[in-house]
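One structure below.
What follows is calculated from the coordinates using simple rules that are stated; it is not laboratory data. Since this is a predicted model, take the numbers as computed values, not measurements. Using ideal geometry, Cβ is built from the backbone for each residue, glycine included, and neighbour counts are taken over all protein chains shown.
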Amino acid sequence: MKRLSRLRRHRAAGPILLIFALFTIGTTFQVASAVNNETTSVADRAVTIEEGKQIFLKGCSSCHGLNAEGGQIAPSLIGVGAASVDFQVATGRMPMADMSVQAMRKDPVYNAEEVHALATYVASLAPGPQVPGEELLNYERDGSVAEGGELFRTNCAMCHNFAGQGGALTQGKYAPTLMGVEPRHIYEAMITGPQSMPVFSDKTITPEEKLSIIKWIKSAESEPQLGGAALGRVGPVTEGLLVWTLGIGLLIGVAVWLAMKAR
Amino acid sequence: MTARERIAGNVAGYVDDRTGAAKWMKKNLTKVFPDHWSFLLGEICLYSFIILLLSGTFLTFWFDPSMREVVYDGSYEPLKGLEMSAAYASTLDISFEVRGGLLMRQIHHWAALIFMVGIVVHLLRVYFTGAFRKPREFNWIIGVGLLTLGIVEGFLGYSLPDDLLSGTGIRIAEAIIQALPLVGSYLAFFAFDGAFPGTAFIPRIYTVHVLLLPGIFLALITVHLMLVWYQKHTQFPGPGRTEKNVVGYPLMPVYMAKAGGFFFIVFGVTAFLGAVASINPIWLYGPYTPGQISAGSQPDWYMGWLDGLVRMAPPLETHAFGHTISWNILIPGLILPGIMFTGLALYPFIESWATGDKREHHLLDRPRNTPNRTAIGVMALTFTLVSLINGGNDIIATTFHLTINQMMWFSRIAIIVLPPIAFVITKRLCLSLQRADRDLVLHGRETGRLVRMPSGEFVEVHEPISPEKAWLLTSHEQLAPLELPEHDASGVRRAGSIKNKIRNRVSRAAAVAVPKATETERRELEGHH
């Protein structure tokens, strides 16, 4: 008894007890919540994976192989992650319309649930980048538009143009316009690097910086046409076109009229 | 005499007593100018130059030509807090803080584009009508000088805001300077006061843009107009118009009213474009840093052909004695433009050498009557147009779903193949038009009325054309080819016979024509019908 009370009054007793308590509570919560999640979602997840597999077998396997192992014309999908599937399928790029150099954006073939099932199935094959959640994508709160613009001009503008209007790459490939693209898909493109695009890992561009980029793109998208008609925001080519058609056309018209009146 | 007339007379008399202006005014205010819409094209340039001076002066009140680093704290949110040069920040301020500043910036830039378009269409009119011939060769050279300086002035102007797009252009200009063998690197260091970008070039090009070049422009434009005044304006051929007279209206009041009105219309069109169409939206480009670049970076259109030439150049380099010569920049960036502008400036002399025509000309040519000149012009235009199109190859590729590689190979082949084809087609077209003129004079206008003759034969009734029209179609002269001696009397080749042989061949090509209808032919045919 005496020994116990001596230990209880030891200098280290407080901190040790605190650490012990935190450890116990933390572990208990972790185990409890994990067990909880597993018990409720394991069955669901299995069903979703099965659904996804069925869609995959019907719509994707002819090119990507029966087990997503890839083939001569399409890459393996093992390890590409849910984010990649979500980006490619939800923007309509996959399934491809034809075997051109690059998959075009078009109306999606599958609805949101089917895309989710497909993504879950592919993610179940091997771990890969996850679809970013709503909470993560709060770019209005977590992004900085000026920093985003700076990052955009350093990393993105060389292909996607200074205002995100897109641009040409070699051999008919192109960087698509970023106007009207959902923030989720922009984020997924950055972490998965679809088609000709490089992967911008979280080490290269942190998640907060990615949100800043998205915020800048959205700000450019909603920016009013400050100087009048924006002429496509592609630089001086359209300006030259306008001055050689409308500009000089009007002036020559007036010149003809002035010379006519004197007759 | 009313009181008002007396006062006006007294004022005029007061001024005349002191300046002797009355005699000069009387002579010059009644000066006659011929009337044609294409004679107003040069005025477009003059008026847009005045607009450029006015709007440019406005811009200098707020523009800070300095590369000092500042932190932006204006009202344009997406750039707030970024470090940038004072030049870029003050251009943002002109756009967003100064009342009417954005409109003025856009008017200034649109006026610059119209200025350059005006110069080009004016040059085309002068070229295709042969208005550059004696005695106007000097004025032609001044015009070519204005075109060249206009390109430089425009380039320096849009480089001033120090935005991402213009900085890219400056970088390319530096590369072109560096491509000069031996002296290139030194010249680039001299121009930029050290390594690119440094802190010197914005203040330097500002001085050149707002002081040096406008001064030269003002001087050259004055000389250009004084020569027009002194040599009198050319006129199109027509009844009563000769090499020795000018048929038209006096300066006062007809041309004063027309020219004054046209100034305001040019100003109106420029202001309209400035108000409704965005140009050079520098806030979207962002501040310049050498580490950044945008897809689809293009120069303004008057530099576009130069960019197109550089873009299509194959990657050629030689390394010798520790030096690199970048032919891929040197040829399209300096050698080809040098040849093009020298050829353009010397064209009047080349033509008179080829045709042997050293006389004065005040009557203009119809382009069809000089097939060789017209064909050379279209050939040069085709060359420039192909390179201009290739300057926008990435924008065209994405717009029309082509590949940039196809565009480049099309341009590489077309720039060699198309100009000669354009030459041949144009020459044939001119000759066909001459043939049509000849038919018109000899057989009259086809009325489309068919008459059945008693013999059962159907004929179309031709109506004779008016004497004025017939004069217009036959008044031009057709030059005979030169026949310079290649051998002397005893059949021995003379000194300089090769030169004469070349001149004979060139002048034969220039003199190819369908013989115009003559009076005897006309009479003969009339007797026939």
| query | Which lysines have a Cα less than 26 Å from the Cα of B:K516, not counting those fewer than 8 places away in the same chain? | reply | B:K134, B:K244, B:K358, B:K427, B:K469
| task | Above 15 angstrom, tally the Cα pairs of the stretch B:258-334 and express them as a % of all pairs, no decimals. | result | 75 percent
| request: Taking H placed 1.01 Å from N in the peptide plane, check which residues at least 5 places from B:F33 or on another chain put their amide H under 5 Å from its amide H. | output: B:Y249, B:L251
| field | Inter-part distance where the stretch B:402-435 and the stretch A:175-250 are each reduced to a Cα centre, Å | value | 36 Å
| request: Read phi for every residue in the stretch B:447-464 and hand back ³J(HN,Hα) as whole Hz from Karplus 6.51 cos²θ - 1.76 cosθ + 1.60, θ = phi - 60°, with x for Gly and Pro. | output: 8, x, 8, 9, 10, 9, 7, x, 6, x, 6, 9, 10, 8, 6, 9, 9, x
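Which shape class, rounded, prolate or oblate, goes with the stretch A:1-113 when its Cα gyration tensor gives a ≥ b ≥ c as root eigenvalues, a/c under 1.5 marks rounded, and past that a/b bigger than b/c marks prolate?
Prolate, because a/c is 1.5 or more and a/b exceeds b/c.
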| Based on the alpha-carbon gyration tensor of the stretch A:132-226 and its eigenvalue square roots a ≥ b ≥ c, which shape applies: rounded if a/c is under 1.5, prolate if not and a/b is larger than b/c, or oblate? | oblate
| note | Cα extents of chain B per principal axis, largest first, Å, are 93, 83, 60
| List the lysines whose alpha-carbon lies under 24 Å from that of A:K58, not counting same-chain residues fewer than 8 positions away? | A:K106
| said: On a straight-distance basis, which aspartates and glutamates could pair with A:K173 in a cross-link, Cα separation under 19 angstrom, same-chain partners fewer than 8 positions away excluded? | reply: A:D98, B:D394
| field | Stokes-Einstein translational diffusion, the protein assembly as shown - Kirkwood Rh over all Cα pairs, 0.692 mPa s, 37 °C, in µm²/s | value | 101 µm²/s
| note | Expressed as a whole-number percentage, the relative contact order of the stretch A:132-226 with C-alpha contacts under 8 angstrom and at least six residues apart is 41 percent
| said: Per 0.36 nm of contour for each residue apart, how much would the distance between A:L57 and A:K173 grow if the chain were fully extended, relative to their Cα-Cα spacing? | reply: 38.9 nm
| message | Can you compute the label reach from B:A219? Point 7 Å from Cα along the Cβ direction, backbone N cut-off under 18 Å, restricted to the stretch B:139-183. | response | B:139-153
| said: Per 0.36 nm of contour for each residue apart, how much would the distance between B:T289 and B:K23 grow if the chain were fully extended, relative to their Cα-Cα spacing? | reply: 89.6 nm
| said: Sequence gap at least 6, Cα distance under 8 Å: using those rules, report the relative contact order of chain A to the nearest whole percent. | reply: 16 percent
| message | Could you tell me the center-to-center distance, by alpha carbons, between the stretch B:317-381 and the stretch B:438-473 in angstrom? | response | 43 Å
| field | Linear extension gain, B:L479 paired with B:Y230, 0.36 nm per residue minus alpha-carbon span | value | 86.8 nm
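Set the Förster distance to 60 Å, then compute FRET efficiency between A:W244 and B:F321 from the Cβ-Cβ distance, nearest 0.05.
Approximately 0.85, to the nearest 0.05.
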| note | With x for Gly and Pro, the residue-by-residue ³J(HN,Hα) of the stretch B:23-37, computed from phi through the Karplus equation 6.51 cos²θ - 1.76 cosθ + 1.60 at θ = phi - 60° and given in whole Hz, is 5, 4, 4, 4, 5, 8, 6, 9, 4, 9, 10, x, 10, 7, 4
| Considering chain A as a Gaussian network with a 10 Å cut-off on Cα pairs, which listed residue, A:T204, A:T177, A:T192, attains the greatest mean-square fluctuation? | A:T204
| message | Suppose a student asked you for the relative contact order of chain B, using Cα pairs under 8 Å spaced at least 6 residues apart; what percent would you report? | response | 16 percent
| task | Answer rounded, prolate or oblate for chain A, using the Cα gyration tensor with square roots of eigenvalues a ≥ b ≥ c: rounded when a/c is under 1.5, else prolate when a/b is larger than b/c, else oblate. | result | oblate
| field | Per DSSP, loop chymotrypsin sites (Phe, Trp or Tyr not before Pro) in the stretch B:379-481 with at most 14 further Cβ within 10 Å | value | B:F400
| Which residues' amide hydrogens lie under 5 Å from the amide hydrogen of A:A229, considering only partners 5 or more residues apart or on another chain, with H built in the peptide plane? | B:A277, B:S278
| message | Taking θ = phi - 60°, what integer Hz values does the Karplus form 6.51 cos²θ - 1.76 cosθ + 1.60 yield along the stretch B:400-411, in sequence order, with x for Gly and Pro? | response | 9, 6, 9, 9, 5, 5, 4, 4, 5, 6, 4, 5
| With r defined as the distance between the Cβ atoms of B:W62 and B:V276 and R0 fixed at 35 Å, what FRET efficiency is calculated, to the nearest 0.05? | 0.90
| task | Return the distance in nm (one decimal) between the two label points of a simple spin-label model at B:T148 and A:Q72, each offset 7 Å from Cα along Cα→Cβ. | result | 6.1 nm
| task | May I ask what percent, to the nearest 5, of DSSP beta bridges between residues of the protein assembly as shown are antiparallel? | result | 90 percent
| task | With a Förster radius of 22 Å, plug the Cβ-Cβ distance of B:E524 and B:R452 into 1/(1 + (r/R0)^6) and report the FRET value to the nearest 0.05. | result | 0.25
| Measuring from label point to label point, each 7 Å out along Cα→Cβ, what is the A:S5 to A:S196 span in nm? | 8.3 nm
| query | So how far apart, in nm, are the two label points at A:R141 and A:M104 if each is 7 Å from Cα heading toward Cβ? | reply | 4.0 nm
| note | Given backbone amide H placed at 1.01 Å from N, residues whose amide H is under 5 Å from that of A:G167, ignoring those fewer than 5 places away on the same chain, are A:A175
| query | Of all the Cα-Cα pairs you can form in the stretch B:279-432, what percent are over 23 Å apart? | reply | 54 percent
| Expressed as a whole number of Å, what is the distance separating the alpha-carbon centroids of the stretch B:226-262 and the stretch B:1-36? | 21 Å
